[in-house]
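Trainee: Attaching a single structure in structure tokens format; questions to follow.
The values are calculated or read from the model by the stated rules, or taken from the named source; none is laboratory data. Since we're looking at a predicted model, the values are computed, not measured. Note: ideal-geometry Cβ built from the backbone for every residue, glycine included; neighbour counts use all protein chains shown.
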Amino acid sequence: MTKNRAWEFTPDSGAFRLECVERPLIEPGPGQILVKVGAVSINYRDLINLRNEANRPVGGKIACSDGAGVVISVGTGVTAWKPGDEVAGCFFPQWQDGPFSMSHHRTDPGGSCDGMLAEYVLFDETGCVAIPRGWTVAEAATLPCAAVTAWAALMTRGQLRSDETVLILGTGGVAIFALQFAAAQGARSIVVSRSADKLNRAKSLGAWQTVDRTATPEWDREVWQLTGKQGVDHVIEVGGPGTLGQSLASVAAGGKIALIGVLSGFGPPQDSLFPLVTKNASIHGIYVGSRADFLAMNQFIEQHDFRPIIDRRFRFEEADQALSALAEGEHFGKIVVDYSL
Ligand SMILES: NC(=O)c1ccc[n+]([C@@H]2O[C@H](COP(=O)([O-])OP(=O)(O)OC[C@H]3O[C@@H](n4cnc5c(N)ncnc54)[C@H](OP(=O)(O)O)[C@@H]3O)[C@@H](O)[C@H]2O)c1
């Protein structure tokens, strides 16, 4: 056990490609644990880094933020974990609780630091959480970014109540966790997707209403009608500048838009923000969440009987293909690199 295979970002024509390299295995230092990774899940953010769309200097760093595995050994002073424990890494390992600090941007795996797409990774003992009881490591690998983001948006910041309505854009990783959390909370969800097939699957997961944005490009009008011209209390806004106008048209008086994603790009909003004013609504910028959010979410998951939706699994040797599959956008829920395959 002296080598550690890992997928690194390698500079390629102004962007990056993934390259599988061998690194020496490092023993855990004081306060650290060594984890044998069992699975990694792919997020759109990994594509953003691969394509160099956010100009982040990820060259030479191990890719991907989300993974889970089993503790192999612990450094001196570690009390929280022992060999054999199953853990998932935190997106912001040093954001333990409370308000966000800009310093946390220096610690995100697969971005500022080495990520999870390796056979072995080191964590600080406070940089991970136990996986939910009864979940497999591959299931738990879906949680750190997509699920914690949906949780922070709806529950921590949104304070979602069972008598409220949630608008969810798309059927990707963040969206499907938001749908599952909303359904478990007893709230009503409206899912907007370009695919009728995906909308049927969303219904089977508890969507109250669905809107096909291919058939109905002005989906905000449909949302308005479906809510009896009241609008929705929460929006899971993963589209960004190209969809924010329709989200603003869909939101209720006093409603909350969780601004999460950039699927339509990083530019300025394409529509006026004035409806925010006329509706006394608010936009919450969401960037994943803290370790405390992750722990609260896992408690909720254990209290409610649902599992993550894993659309496709790839072998470790196929990890670059897993990112390509996410880019194709045909998935529903999560794509996972499962090392047990
Ligand atoms: N701020 C944060 O903390 C945070 C955390 C996680 C993700 N994000 C961001 O949130 C977004 C989603 O991430 P993800 O990992 O869940 O992505 P994903 O799994 O790749 O899901 C993307 C899905 O969104 C839908 N979609 C794509 N383009 C769209 C558009 N222009 N308008 C409406 N829907 C669109 C599609 O669903 P259909 O085929 O069903 O239409 C697509 O499959 C990304 O921009 C990501 O960077 C931000």
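Trainee: Could you pull out every one of the strands (runs of 3 or more DSSP E) wholly within the stretch 147-250 that has 1 or more residues that are in contact (Cβ under 8 Å) with a residue 40 or more places away in the chain and of a type outside the set (Asp, Glu)? Lay out the reasoning, then the answer.
Mentor: Numbers: elements: 165-169, 188-193, 209-212, 232-237.
Of the strands (runs of 3 or more DSSP E) lying wholly inside the stretch 147-250, those with at least 1 residues that are in contact (Cβ under 8 Å) with a residue 40 or more places away in the chain and of a type outside the set (Asp, Glu) span 165-169, 188-193, 232-237.
Trainee: Considering only residues of the stretch 66-91 that are assigned to a loop (DSSP other than H, G, I, E, B) and in contact with a Ser or Thr (Cβ under 9 Å, 6 or more places away or on another chain), which is farthest from Glu317 (Cα to Cα)? Write out each step before concluding.
Mentor: Quick first cut of the stretch 66-91, residues assigned to a loop (DSSP other than H, G, I, E, B) only: 75-85, 90-91.
From what is left, the residues that are in contact with a Ser or Thr (Cβ under 9 Å, 6 or more places away or on another chain) are 80, 83, 90-91.
Values: Ala80: 32, Pro83: 26, Cys90: 24, Phe91: 24 Å.
Only one residue tops the list, namely Ala80.
Trainee: Does the stretch 119-129 contain any residue that is touching a Pro at 6+ places or on another chain (Cβ under 6 Å) and within 16 Å of the ligand (Cβ to nearest atom)?
Mentor: No, because not a single residue in the stretch 119-129 is touching a Pro at 6+ places or on another chain (Cβ under 6 Å) and within 16 Å of the ligand (Cβ to nearest atom).
Trainee: Name the single residue that is nearest to Pro30 (Cα to Cα) among those in the stretch 83-125 being touching a helix residue (DSSP H, G or I) at 6+ places or on another chain (Cβ under 7 Å) and of a type in the set (D, E, K, R). Step through it out loud before you land on a result.
Mentor: Step one: list which residues in the stretch 83-125 are touching a helix residue (DSSP H, G or I) at 6+ places or on another chain (Cβ under 7 Å), which gives 86, 88-92, 94-97, 110-112, 117.
This time we only want the ones that are of a type in the set (D, E, K, R), so: 86, 97.
Details: Glu86: 20, Asp97: 23 Å.
My answer is Glu86.
Trainee: Residue by residue through the stretch 153-175, note down the ones that are in contact with a strand residue (DSSP E or B) (Cβ under 8 Å, 6 or more places away or on another chain) and either within 18 Å of Glu302 (Cβ to Cβ) or assigned by TED's automatic domain parsing to the domain that holds Val87 (or both).
Mentor: Once the filter is applied, which keeps residues that are in contact with a strand residue (DSSP E or B) (Cβ under 8 Å, 6 or more places away or on another chain) and either within 18 Å of Glu302 (Cβ to Cβ) or assigned by TED's automatic domain parsing to the domain that holds Val87 (or both), the stretch 153-175 yields only Leu154.
Trainee: Are any of the residues in the stretch 304-325 in a helix (DSSP H, G or I) and within 11 Å of the ligand (Cβ to nearest atom)? Even if it seems obvious, please write down each step before you answer.
Mentor: The first filter runs over the stretch 304-325 and keeps only residues in a helix (DSSP H, G or I), leaving 316-325.
Then keep just the ones that are within 11 Å of the ligand (Cβ to nearest atom); that gives 323, 325.
Among the residues of the stretch 304-325, at least one is in a helix (DSSP H, G or I) and within 11 Å of the ligand (Cβ to nearest atom), which makes the answer yes.
Trainee: Among the residues of the stretch 70-91, are any without any contact (Cβ under 8 Å) to a residue 12 or more places away in the chain and in the same structural domain as Ala319 (by TED's automatic domain parsing)? Steps first, answer last, please.
Mentor: Filtering the stretch 70-91 down to residues without any contact (Cβ under 8 Å) to a residue 12 or more places away in the chain leaves 82.
Retained after the next criterion (residues that are in the same structural domain as Ala319 (by TED's automatic domain parsing)): 82.
The answer is yes, given that some residue of the stretch 70-91 is without any contact (Cβ under 8 Å) to a residue 12 or more places away in the chain and in the same structural domain as Ala319 (by TED's automatic domain parsing).
Trainee: I'm trying to understand the selection: among the residues of the stretch 1-52, which are acidic (Asp, Glu) and surrounded by 13 or more Cβ atoms within 10 Å (Cβ to Cβ)? Don't jump to the end; show me each part of the working.
Mentor: The first filter runs over the stretch 1-52 and keeps only residues acidic (Asp, Glu), leaving 8, 12, 19, 22, 27, 46.
Glu8, Asp12, Glu19, Asp46, listed by residue number.
Trainee: Can you spot a residue in the stretch 9-17 that is among the basic types (Lys, Arg) and either under 23 Å from Ile260 (Cα atoms) or not assigned by TED's automatic domain parsing to the domain that holds Leu326 (or both)?
Mentor: So in the stretch 9-17, the residues among the basic types (Lys, Arg) come out as 17.
Those left that are additionally either under 23 Å from Ile260 (Cα atoms) or not assigned by TED's automatic domain parsing to the domain that holds Leu326 (or both): none.
Scanning the stretch 9-17 turns up no residue that is among the basic types (Lys, Arg) and either under 23 Å from Ile260 (Cα atoms) or not assigned by TED's automatic domain parsing to the domain that holds Leu326 (or both).
Trainee: Can you say whether Leu263 is surrounded by 13 or more Cβ atoms within 10 Å (Cβ to Cβ), part of a loop (DSSP other than H, G, I, E, B) and either small (Gly, Ala, Ser) or modelled with pLDDT of 95 or more (or both), as far as the supplied structure shows?
Mentor: Working: surrounded by 13 or more Cβ atoms within 10 Å (Cβ to Cβ): yes; part of a loop (DSSP other than H, G, I, E, B): yes; either small (Gly, Ala, Ser) or modelled with pLDDT of 95 or more (or both): yes.
It is true that Leu263 is surrounded by 13 or more Cβ atoms within 10 Å (Cβ to Cβ), part of a loop (DSSP other than H, G, I, E, B) and either small (Gly, Ala, Ser) or modelled with pLDDT of 95 or more (or both).
Trainee: Among the residues in the stretch 275-286, are any within 13 Å of the ligand (Cβ to nearest atom), among the small types (Gly, Ala, Ser) and surrounded by 15 or more Cβ atoms within 10 Å (Cβ to Cβ)? Even if it seems obvious, please write down each step before you answer.
Mentor: As a first pass, look at the stretch 275-286 and keep what is within 13 Å of the ligand (Cβ to nearest atom): 283-286.
Next, only the ones that are among the small types (Gly, Ala, Ser) stay: 285.
The next check asks that each one be surrounded by 15 or more Cβ atoms within 10 Å (Cβ to Cβ); those that pass are none.
The answer is no; no qualifying residue exists.
Trainee: Return yes when Lys334 is over 24 Å from Asp108 (Cβ atoms) and either away from the ligand (no atom under 13 Å from the Cβ) or not polar (S, T, N, Q) (or both) and no when it is not. Give the steps one after another, and end with the answer.
Mentor: Numbers: over 24 Å from Asp108 (Cβ atoms): no; either away from the ligand (no atom under 13 Å from the Cβ) or not polar (S, T, N, Q) (or both): yes.
No; evaluated as a whole, the condition is false for this residue.
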